[in-house]
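Working notes, beginning with the structure itself.
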Amino acid sequence: AINQQLSSDKIVSVVSEAKIQELPDFNAAQAISRLPGVSSLQSSGEASKVVIRGLAPQYNAVAVSGITLAATGSTQIGAASQGGTIGSISTDRSVDLTMITPYMIKSVEVYKSLTPDMNANAIGGFVNMQLREAPDEFKADILAQTGYTQKSGKYGNYRFVASASDRFLDGDLGVYLLANAESYDRNADNMN
């Protein structure tokens, strides 16, 4: 990741797979918000959208392996979409990252300044997530965590992640499966 940053001709921050796995983040937005100059909007106590250099999420582009994700902002028409402006259409182009687990991400590149050789559909910044690839041989991983919430005095936080991957057809076809289940009481940040 450091070599990518040093050799890039653009202003970029890169987070490697190893660093993403070390951090106790519950989704991709929270993992990305740990980078300098990047923060996130919170929805119900969980990071949901990326803010780059203080510019709102709708001014940033988010991609997976270079393919820009479609906006997940509100598309409602009516009072609910614009706080009382009946008949207006919401133009929120932001991308919600709460459903993307950090365990599927190989690396994250955040470009904080766009250059002419990049897509012109954002003015704030560009986030590119690379997905993990299946290794040459069969591999399986299981992660299980639990936690105690001191404020309520009970156990209940848990996270379970299981993955399996392999390559077939002389390495031409890779399959990577991941299952993720978790329950998180926002009163506590501790997982063991």
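The rows are residues; the columns are (1) more than 22 Å from LEU177 (Cα to Cα); (2) modelled with pLDDT of 75 or more; (3) open to solvent by less than 50 Å² (accessible area, probe 1.4 Å).
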site: ASN3; (1), (2), (3): yes, no, no
site: SER8; (1), (2), (3): yes, no, yes
site: SER33; (1), (2), (3): yes, yes, yes
site: SER65; (1), (2), (3): no, yes, no
Quiz item: Is it the case that segment 15-24 has a residue that's out of contact with any Ser or Thr (no Cβ under 9 Å at 6 or more places or on another chain), small (Gly, Ala, Ser) and open to solvent by less than 60 Å² (accessible area, probe 1.4 Å)?
Solution: no
Practice problem: Could you pull out every one of the strands (runs of 3 or more DSSP E) wholly within segment 91-159 that has 1 or more residues that are exposed (fewer than 12 other Cβ atoms within 10 Å of the Cβ) and of a type outside the set (Ser, Thr, Tyr)? | Solution: 139-149
Exercise. Keeping to segment 113-141, report how many residues are over 22 Å from ASP25 (Cα atoms) and basic (Lys, Arg).
Key: 1
Quiz item: Within segment 35-60, how many residues turn out to be closer than 15 Å to GLU109 by Cα, assigned to a strand (DSSP E or B) and of a type outside the set (Ser, Thr, Tyr)?
Solution: 5
Self-check item: SER48 being open to solvent by 20 Å² or more (accessible area, probe 1.4 Å), farther than 11 Å from PHE126 by Cα and not hydrophobic (A, V, I, L, M, F, W, C)
Solution: no
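The values are calculated or read from the model by the stated rules, or taken from the named source; none is laboratory data. What you are looking at is a predicted structure, and each value in this text was computed from that prediction instead of being measured. For neighbour counting, all protein chains shown are included, and Cβ atoms are generated from backbone atoms with ideal geometry for every residue, glycine included. We work out accessible area using only protein heavy atoms, side chains counted, and drop any ligands, DNA or RNA first. Shrake-Rupley method; radii C 1.70, N 1.55, O 1.52, S 1.80 Å.
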